There are 2 protein chains.
Amino acid sequence: MLSSTATEPRFQEEKLDLVFRALGDRTRRRLLARLTTGSAMVTELAKPFDMSLPAVGKHLRVLENAGLITRTVNGRVHRCALNALPLKTVDDWLQHYQRFWGETLDALSDYVQRDNGGKPRKRS
Amino acid sequence: MLSSTATEPRFQEEKLDLVFRALGDRTRRRLLARLTTGSAMVTELAKPFDMSLPAVGKHLRVLENAGLITRTVNGRVHRCALNALPLKTVDDWLQHYQRFWGETLDALSDYVQRDNGGKPRKRS
DNA sequence: TTAATAGTAAACCATATGGTTTACTATATC
DNA sequence: GATATAGTAAACCATATGGTTTACTATTAA
């Protein structure tokens, strides 16, 4: 077995860098949202955007490098599909912080609803 | 009421831009992780990093602009604290995709464990 | 009051990012 | 074979990002 595995911290950190940065752009999030309705070729994906085809192509490349989409080339058509697995990695990362936004919400709730007998609100 | 509210789509999109981009850097994620153990002043936060103080200061500014930390100035000491609420926004955004990584995992599971009678695996 | 500490501001630099336009390649179609 | 279509590649540009160093401000302490 190689010294590097998919679960090794550094590997995961690099992946998170790519995924978070890929998600940090509205155009790319719109592309992902579009792909939840099914795979599509590049020109189809580019149509709704007020932007050149190469620009959309670059965004798709960023998403691909982050592992968020897969591409199958068939003739001259590149068909893109959503790959949500990296989002699970993000979700896992987020879970470490869930209790903190819970705490914040509870504190806010306690502050706003003092007539609640001071009981913490149930977590959603 | 003003024409712009915290839940208006554009507002949320801008926020997601800031938060995702803030999270797309390892140094900043380490800073957040540190802050889960409690608030700290800037020099304390900077200590573990092989990086100048102004550099860390900039990272903290990015986190602050994304709403991920709050800062209380007391004399010359700036005390930073985690604010995880924007991470809940991220979590909400992620939930729209949860069923897709579920599907992918199921498909993988089906492929790997053909001896399973073809039944979909239970969601975690 | 002098000196040390906490931190930002500003100027600077290299590289990354997000867009453009203008080729160019490869596949379909007439 | 000629032409249209799908898409990338490459060159270019403006701005953003992540780091540096060198001031500078403000507060605390000797």
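The values are calculated or read from the model by the stated rules, or taken from the named source; none is laboratory data. Just so it is clear, the model here is predicted, and its values are computed rather than measured. Cβ: placed from backbone, ideal geometry, glycine included. Neighbour counts: every protein chain shown. Ligands, DNA and RNA are excluded from the accessible area calculation, which covers all protein heavy atoms including side chains. Shrake-Rupley method; radii C 1.70, N 1.55, O 1.52, S 1.80 Å.
In cubic angstrom, how much convex hull volume per residue do the alpha carbon atoms of segment B:9-86 span?
Spread over its residues, the Cα hull of segment B:9-86 gives 85 Å³ apiece.
Counting only protein heavy atoms and using a 1.4 Å probe, what share of the accessible area of segment B:9-86 belongs to carbon plus sulfur, as a whole percent?
53
So what are the ³J(HN,Hα) numbers for segment B:71-84, from phi and the Karplus equation (6.51, -1.76, 1.60; θ = phi - 60°), rounded to whole Hz, Gly and Pro as x?
Listing the rounded values in order: 10, 10, 8, 9, x, 8, 8, 9, 9, 9, 9, 5, 10, 7 Hz.
Rounded to the nearest 0.05, what FRET efficiency do B:E64 and B:R99 have when you use their Cβ-Cβ distance and R0 = 30 Å?
Calculated transfer efficiency: 0.30.
Testing the spin-label approximation: label points 7 Å from Cα along Cα→Cβ at A:A81 and A:R26. State their distance in nm.
3.1
Interface size between chain B and chain A, please: total buried accessible area, 1.4 Å probe, rounded to the nearest 100 Å².
About 3000 Å² of accessible surface is lost on pairing.
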